[in-house]
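Chemist: Could you have a look at this structure, given as structure tokens, before my questions?
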Amino acid sequence: MALVEATATELLQRLQTRQISAVELTQEYLQRIERVDGRVRAFLQVEAQSALERSARIDRRRQAGESLGRLAGLPVALKDVICTEGGRTTCASKMLAEFRPPYDAAVVERLKQADAILIGKTNLDEFAMGSTTETSAWAPTSNPWDLSRVPGGSSGGGAACVAARMAPLSVGTDTGGSIRQPAAFCGITGMKPTYGRVSRYGLIAFASSLDQIGPLARTAEDAALLLEVLAGHDPRDSTSADLPVPAYSQTVAQPLEGLTLGVVREHLGEGLDGEVEAAVREALRVYQSLGARVKEISLPHNRYAIATYYVIGSCEASSNLARYDGAHYGYRTDEPTMRAERAAQRQAGTGGKQTSDLDPPLVEMYRRSRAEGFGAEVKRRVMLGTYALSHGYYDAYYLKALKVRRLIRNDFDQAFQQVDLIAGPVTPTPPYRLGEKVEDPLAMYLGDLYTASANLAGITALAMPCGFSRHGLPLGLQLQGPPLEEERLLRAAAMYQTATDWHQRQPAGLD
Amino acid sequence: MSLTRQDVAKVATLARLNLTEDELDMMTGQLAQVVEYFELLGELDTSEVEPMAHAVERTDVFRDDRVARSLGRDAALANAPKRDDECYRVPAVLGD
């Protein structure tokens, strides 16, 4: 078996027992990236040199008998929305094409302390807004199972690189499903931890009350390994939970006795693809055969989740992205061109239909920089948010959505009094073709039907493979758990993975 | 409440975004569709519901009042599109 086919947990064990060196392992992944990524395009940057140097240092330290961190020598990829000091962090946006953060994100510090090897930055939808990676300013990522299809998004590069065996682990972010949906589309395991479980310090903000960093991995066991390193209190993020982090990797293999799974009446049925539904129902039968009880429950406000999410998410995005003004960092419009055009406009006596001709040069610079630096989807979200927050609409949209958000949270609180976890689909359909939805924003947004509510409620949720469509495309199962119950979620997922082998399948035809 | 082209142009001004005529047309259609979808929320009576701004409703999160290292000037200016030794440089704030 090729080295890259082993799980992160297996690789770590081989590193620890010195069957392989960190340099060998890193080289193996770099070669794999070299061979495969021209077609998948999961990476925006591969840090070959620094990864090899770091690997060599780890090997020397291991030789010298020094104590090493928990992920010592294991390559990890990062979504390119997470700041790395001095290294380009672009958010897949022209706006930040040359941005080099002055500090590391908290999760990057933690990975470095754990002696992980940061192997590269992965592609995403611009500023993490999208469900396909097609809004990336650079190029879309392809689904490793079928290169003509989307890998999901926004952490599409992160999911695709794990599925295509170009990295054993990667770090993504999930604002409305951006870890779980690409995990489902790529046939891997991805988790959105509870809001506050992982520090957002150094994560470039999209929607601050919804964003959460989490692991993308091949198995629940591997996700546990990575989450254990990512999670923990950080005073630099005031929403960070000041609670001890359980040793997820130590307990993940223990099955749960007397597990009760809730199945949401509103999740199965209308709007759900038949193959996804059949795979989810089969997964429930697997759980029953493992001793779990399945109970039907209701989340009556589930149908309002998408509207609520797109109001709140867009409002927060418009506010967060106001910082991109061309003044402090990021893209600025070409000033000589701007001056020449203003002079010509003035001379011709035309100001255009907008009020832009009345703006002083500074404001004109903002408007041009933002128009040239942002792509279409980011502009749509900024516009939606600005509209919903503007005078006369605030109560009708933003405030209303905040109230419905509480109703959605209350639904979950009530559900978790009756069941331990909720099981259901991740996405309404299997992965679709590149280009299929890119011109129809609302259709794309509706794909977040099963995922966005977990972000609104702040609970934890996980996606993992539970079958394949007749076209050989991965189908995902979602498990949702009460706040801070990541351990329960991971154990339940691992239980399923000991009884099934969907997570061991790998895309063919990449070699 | 249907979104017009004029509304969209006004929002673009508020959002500090120059939109081309084509973008305005496209955006008007797409945003109107999404905003119409938002009307779904109007079905619910929320008069007795407290708004929920955050999933974790923590307040008064303080740190110790101790001096800590902050970003130095050079690091803060390092990504500026235009700068001098100590400031960001921008086009004229008033007039041309």
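The values are calculated or read from the model by the stated rules, or taken from the named source; none is laboratory data. Since the structure is predicted, the reported quantities are computational estimates derived from the model, not experimental observations. Counting neighbours? That spans all protein chains shown, and the Cβs are built from the backbone with ideal geometry, glycine included.
Chemist: In the stretch A:323-348, how many are of a type in the set (S, T, Y) and within 7 Å of chain B (Cβ to nearest Cβ)? Step through it out loud before you land on a result.
Modeler: Just the residues of the stretch A:323-348 that are of a type in the set (S, T, Y), to begin with: A:324, A:329, A:331, A:333, A:337.
After this cut, where a residue has to be within 7 Å of chain B (Cβ to nearest Cβ) as well, the list is A:329.
Qualifying residue count, the stretch A:323-348: 1.
Yes/no matrix, rows are residues, columns are (1) surrounded by fewer than 16 Cβ atoms within 10 Å (Cβ to Cβ); (2) in the same structural domain as A:L479 (by TED's automatic domain parsing); (3) within 30 Å of A:A116 (Cβ to Cβ):
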| position | (1), (2), (3) |
| --- | --- |
| A:A220 | no, yes, yes |
| A:A223 | no, yes, yes |
| A:E228 | no, yes, yes |
| A:T239 | no, yes, yes |
| A:D242 | yes, yes, yes |
| A:E257 | yes, yes, no |
| A:G269 | yes, no, no |
| A:L272 | no, no, no |
| A:V276 | no, no, no |
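Chemist: Another question, if that's okay. Does at least one position in the stretch A:325-333 carry a residue that is buried (at least 21 other Cβ atoms within 10 Å of the Cβ) and assigned to a helix (DSSP H, G or I)?
Modeler: Looking through the stretch A:325-333, none of the residues is buried (at least 21 other Cβ atoms within 10 Å of the Cβ) and assigned to a helix (DSSP H, G or I).
Chemist: Of the residues A:Q49, A:Q19, A:Q31, A:Q45, which single one is farther than 19 Å from A:L510 by Cα, part of a helix (DSSP H, G or I) and in the same structural domain as A:C83 (by TED's automatic domain parsing)? Walk me through how you get there before you give the answer.
Modeler: Details: A:Q19 fails: part of a helix (DSSP H, G or I); A:Q31 fails: farther than 19 Å from A:L510 by Cα; A:Q45 fails: part of a helix (DSSP H, G or I).
Testing whether each residue is farther than 19 Å from A:L510 by Cα, part of a helix (DSSP H, G or I) and in the same structural domain as A:C83 (by TED's automatic domain parsing) leaves just A:Q49.
Chemist: Checking A:E66 against (1) of a type in the set (D, E); (2) more than 27 Å from A:V150 (Cα to Cα); (3) in contact (Cβ under 8 Å) with a residue 12 or more places away in the chain, which test does it fail?
Modeler: Against the list (1) of a type in the set (D, E); (2) more than 27 Å from A:V150 (Cα to Cα); (3) in contact (Cβ under 8 Å) with a residue 12 or more places away in the chain, A:E66 comes up short only on (3).
Chemist: Another one. Suppose we filter A:R180, A:R165, A:R197 for residues that are charged (D, E, K, R), over 18 Å from A:S136 (Cα atoms) and surrounded by fewer than 24 Cβ atoms within 10 Å (Cβ to Cβ); which single one remains?
Modeler: On the way: A:R180 fails: surrounded by fewer than 24 Cβ atoms within 10 Å (Cβ to Cβ); A:R197 fails: surrounded by fewer than 24 Cβ atoms within 10 Å (Cβ to Cβ).
A:R165 is the lone residue from the list that is charged (D, E, K, R), over 18 Å from A:S136 (Cα atoms) and surrounded by fewer than 24 Cβ atoms within 10 Å (Cβ to Cβ).
Chemist: Let me ask something else. Is it fair to say A:E34 is in contact with a helix residue (DSSP H, G or I) (Cβ under 7 Å, 6 or more places away or on another chain) and not β-branched (V, I, T)? Let's see the steps before the verdict.
Modeler: Details: in contact with a helix residue (DSSP H, G or I) (Cβ under 7 Å, 6 or more places away or on another chain): no; not β-branched (V, I, T): yes.
So A:E34 fails the test.
Chemist: Restricting to the stretch B:33-87, and then to whatever is surrounded by 11 or more Cβ atoms within 10 Å (Cβ to Cβ) and of a type in the set (S, T, Y), can you tell me which residue is nearest to the other protein chains (Cβ to nearest Cβ)?
Modeler: B:T46
Chemist: Here's something else I'd like to know. Given the structure, is A:A493 assigned to a strand (DSSP E or B), at pLDDT 95 or above, in contact with a strand residue (DSSP E or B) (Cβ under 7 Å, 6 or more places away or on another chain) and more than 14 Å from every other protein chain (Cβ to nearest Cβ)? Spell out how you get there, then give the answer.
Modeler: Working: assigned to a strand (DSSP E or B): no; at pLDDT 95 or above: yes; in contact with a strand residue (DSSP E or B) (Cβ under 7 Å, 6 or more places away or on another chain): yes; more than 14 Å from every other protein chain (Cβ to nearest Cβ): yes.
No: the conditions fail for A:A493.
Chemist: Here's a check for you: in the stretch A:239-274, which residue that is among the small types (G, A, S) and in a helix (DSSP H, G or I) is nearest to A:V426 (Cα to Cα)? I'd like the intermediate steps shown before the answer.
Modeler: From the stretch A:239-274, those among the small types (G, A, S) are A:240-241, A:247, A:249, A:253, A:258, A:262, A:269, A:271, A:274; that's our starting set.
Next, only the ones that are in a helix (DSSP H, G or I) stay: A:249, A:274.
Numbers: A:S249: 24, A:G274: 14 Å.
The extreme case among them is A:G274.
Chemist: On to the next question. Within the stretch A:5-19, which residues are more than 15 Å from A:T189 (Cα to Cα) and among the β-branched types (V, I, T)?
Modeler: The answer is A:T17, and nothing else.
Chemist: Among the listed residues A:T133, A:T141, identify the single one that is in contact (Cβ under 8 Å) with a residue 12 or more places away in the chain and within 12 Å of the chain's Cα centre (by Cα). Break it down into steps so the answer makes sense when it comes.
Modeler: Values: A:T141 fails: within 12 Å of the chain's Cα centre (by Cα).
Every option except A:T133 fails the conditions.
Chemist: Let me ask another. So in the stretch A:275-322, with the set limited to residues that are under 21 Å from A:A494 (Cα atoms) and outside any helix (DSSP H, G or I), which one is nearest to the other protein chains (Cβ to nearest Cβ)?
Modeler: A:K295
Chemist: Restricting to the stretch A:396-435, name every residue that is over 25 Å from A:G258 (Cα atoms) and more than 14 Å from chain B (Cβ to nearest Cβ).
Modeler: Across the stretch A:396-435, the qualifying residues are A:T427, A:P428, A:T429, A:P430, A:P431, A:Y432, A:R433, A:L434, A:G435.
Chemist: Which residues, counting only those in the stretch B:22-32, are facing chain A (nearest Cβ under 8 Å) and not hydrophobic (A, V, I, L, M, F, W, C)?
Modeler: Of everything in the stretch B:22-32, those that are facing chain A (nearest Cβ under 8 Å) and not hydrophobic (A, V, I, L, M, F, W, C) turn out to be B:E23, B:Q30.
Chemist: Moving on to the next point. Out of (1) in a loop (DSSP other than H, G, I, E, B); (2) in contact (Cβ under 8 Å) with a residue 60 or more places away in the chain, what's the single condition that is false for A:Q480?
Modeler: (1)
Chemist: Taking B:S2 as meeting all but one of (1) more than 8 Å from chain A (Cβ to nearest Cβ); (2) in contact (Cβ under 8 Å) with a residue 24 or more places away in the chain; (3) assigned to a helix (DSSP H, G or I), write down the number of the exception.
Modeler: It is condition (3) that B:S2 fails.
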